[in-house]
Amino acid sequence: MKILSAEQIREADAYTISHEPVASIDLMERAAEACVNWICASQFSQKANHVYHIFCGLGNNGGDGLAIARLLAEKKQTICVYIIRYSDKISADFKINEERLRAISSVSVFEIESSENLKSIKMRSADLIIDAIFGTGLNKVVDGLAADVINFVNSLSVLTISIDVPSGLNLVHKVKSIDGPCIKASHTLTFQVPKLVFMFPGYGQYIGDFTILDIGLDTGFIERQETINYFTTLADIKKLIKPRSKFSHKGTYGHALIVAGSYGKIGAAEMAVNACLQSGAGLVTAHVPKCGNEIMQTALPEAMLSIDSNEHSLSELPKLEKYNAIGVGPGLGDEKQTQNTVKLLIQNASAPMVVDADALNILSENKTWISFLPKNSILTPHPKEFERLVGKWENDYERYDKLREFAFKSGTYVVLKGAHTAIACPDATVYFNSTGNPGMAKGGSGDVLTGIITGLLAQGYFSKDAAILGVYWHGLAGDIAADLKTQQTMKAGDIVESLSKAYRTILD
């Protein structure tokens, strides 16, 4: 799914209105219906005796809010609407929806003309707020009465749903941070496509969770729009899956090598190898120090072992010619001889590599080695590891720029892990992931991802597809594990155990 700019979204609105054709007020009605259907089907609507408090600005976002209020009232919901008179200007569609709403006697409509009016608003914790003050066109810091209203809403201990974007969020300019007031939404209902800032951690406290609602904007127009940013959905992933042939054999699906482990960290190697096996690779060999021999043979009899002559860390490599993909880094440690082994691996490998964990830290101390990585290699840093590679950044936009620049200059694929993991490609495009949850923020999760991607590479998936599919599959397994175990108590091993169910979910 494409991620488009605010200007492109406005153009898509205009194109749909003129070419469907559909009146702008009817397109607004379509958007409001999508919001109401989601709200009524969601957990938010299950609260007993709650009131919807809908705060509306004077533009089209406010018009959305007024239409939502009317449609909720038709479903016998209790509604209070607050129109914020911060300007003398109102949009034409806002005016139409205001007239329609005032014709419904069951809806209470209040005028907010000064901050004094806010003192009379009473809410209970069971109530719900719908934020429809400003939409995607906001290009300045909010001040005056609108700022007072936003601060008031944020001061309440009430769940808040923002329509399209949280009011106060500037999508027009790349801002270092949100300098003025901005709604802190529990959930954001956004239209047609996600927005780039939704992918950035610095904005998470304002956006909350988000849902993309299809409001019928012209798909042909959207398909023709140029973008470098994408949001990976299940529909995208289904297109990447390679079916297994009836007459295939283990050699058909490649031979993966996992170079991992050191004394006290053999578990990292075990999880990476286990995930690699479950990703579908035909053969998997683990190169581990002597101390990992019995552990690996016992835990994973399906894997083959290449045992290093060193007892506690890696000091040598097996012959590399027979491997189709190599994963390196989980639990590796940073011993001097291990660093030399990583250098030899980079210099001698011809198969694409997945570089993670300690191998990334070794690379960050020896940046000249990056240019010697095999073609189409994949780096999988978490933010701190990425910072060691590229230096510090001031804000999310700068980090995003550094990510694209590094992938372009190094010719590698970079998987920057986190919520909405970003996969930057050498052509400077970026794919943001839609699966995963905070329960995965635990030791070992990255080792599992390394194994999955390495296994996909071994099977012949191109690096870009292996990274995108691997990250999505890993996150989906994490979501399933969280459902079974809770985010608090799940561990990396639960992700591995959920890989099979996650893959079946993708297929089905």
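Any read-out appearing in this document is the output of simple, stated calculations on the displayed coordinates, not a laboratory observation. Keep in mind it's a predicted model, so treat the numbers as computed, not measured. Cβ atoms come from the backbone with ideal geometry, glycine included; neighbour counts cover every protein chain shown.
Ranking L118, N274, L416 by how far each Cα lies toward the positive end of the dipole of the chain (charges on Cβ) leaves N274 at the top. Residue-wise HN-Hα couplings along the stretch 131-138, as the Karplus relation 6.51 cos²θ - 1.76 cosθ + 1.60 with θ = phi - 60° gives them from phi, are 9, 9, 8, 10, x, 6, x, 5 Hz; Gly and Pro carry x. For K319, the aspartates and glutamates whose Cα comes closer than 15 Å to its Cα, not counting residues fewer than 8 places off in the same chain, are D308. Could you tell me the distance between the Cα centroids of the stretch 48-64 and the stretch 429-483, to the nearest Å? Taking the Cα centre of each part, the stretch 48-64 and the stretch 429-483 sit 38 Å apart. Quick check: the distance between the Cα centres of the stretch 217-238 and the stretch 314-393, to the nearest angstrom? So the two Cα centres are separated by 33 Å. Against the chain, whose longest principal axis is taken from its Cα atoms, helix 266-278 shows a tilt of about 80°. Dipole magnitude for the stretch 6-227: about 700 debye, using +1 per Lys or Arg Cβ and -1 per Asp or Glu Cβ, origin at the Cα centre.
If packing is taken as the average count of other Cβ atoms within 10 Å, what order do 10-19, 363-372, 249-258 fall into, highest mean first?
Details: 10-19: 16.2, 363-372: 14.2, 249-258: 20.2.
The most tightly packed comes first, giving 249-258, 10-19, 363-372.
Taking a point 7 Å from the Cα of I506 along the Cα-to-Cβ direction, the residues of the stretch 474-495 with backbone N closer than 16 Å to it are 474-481, 495.
Sum -39500 (n - 2.57) across every DSSP H segment of at least 4 residues in the chain, then divide by the residue count to get the 222 nm mean residue ellipticity, nearest 500. Show your work: numbers first, answer last.
Working: 18 runs with 200 residues, N = 508.
Taking each H run of at least 4 residues, the total per residue is -12000 deg cm²/dmol.
Phi-derived couplings, Karplus 6.51 cos²θ - 1.76 cosθ + 1.60 at θ = phi - 60°, listed residue by residue for the stretch 501-508: 5, 5, 5, 4, 4, 4, 5, 7 Hz, with x used for Gly and Pro.
Considering only the chain, what is the antiparallel percent among its DSSP beta bridges, to the nearest 5? List each step's numbers first, then the result.
On the way: 7 of 58 bridges.
Around 10 percent of the beta bridges assigned by DSSP in the chain are antiparallel ones.
Only one of (1) 26.0, 83; (2) 23.3, 71; (3) 22.0, 68 was calculated from the structure for Rg and Dmax of the Cα atoms in Å, and its label is (1). Phi angles of the stretch 76-91 translate, via the Karplus equation with coefficients 6.51, -1.76, 1.60 and θ = phi - 60°, into HN-Hα couplings of 6, 8, 8, 10, 10, 10, 10, 8, 9, 8, 8, 7, 8, 8, 9, 7 Hz per residue; Gly and Pro are given as x. Amide H to amide H, with H built 1.01 Å from N, V81 comes under 5 Å of I54, S108, V109, F110, counting only residues 5 or more places away or on other chains. Take every Cα pair under 8 Å whose residues are at least 6 apart in sequence, average their separation, divide by the length of the chain, and the relative contact order is 12 percent.
Near V284, the amide H atoms lying under 5 Å from its own belong to A256, M304; only residues 5 or more places off or on other chains count, and H is placed 1.01 Å from N. Helix 144-154 axis versus longest C-alpha principal axis of the chain: approximately 60°, rounded to the nearest ten. Remark on V259: its backbone amide H falls under 5 Å from those of H287, G327, V328, G329, a criterion applied only to residues 5 or more positions apart or on other chains, H modelled at 1.01 Å from N.
Taking the Cβ-Cβ separation of N437 and S309 as r and a Förster radius of 56 Å, what is the calculated FRET efficiency to the nearest 0.05? Before the final figure, lay out the partial values.
Numbers: r = 42 Å, r/R0 = 0.74.
Calculated transfer efficiency: 0.85.
Partner lysines whose Cα lies under 20 Å from the Cα of K491, excluding those fewer than 8 positions away in the same chain, are identified as K265, K417, K442, K501.
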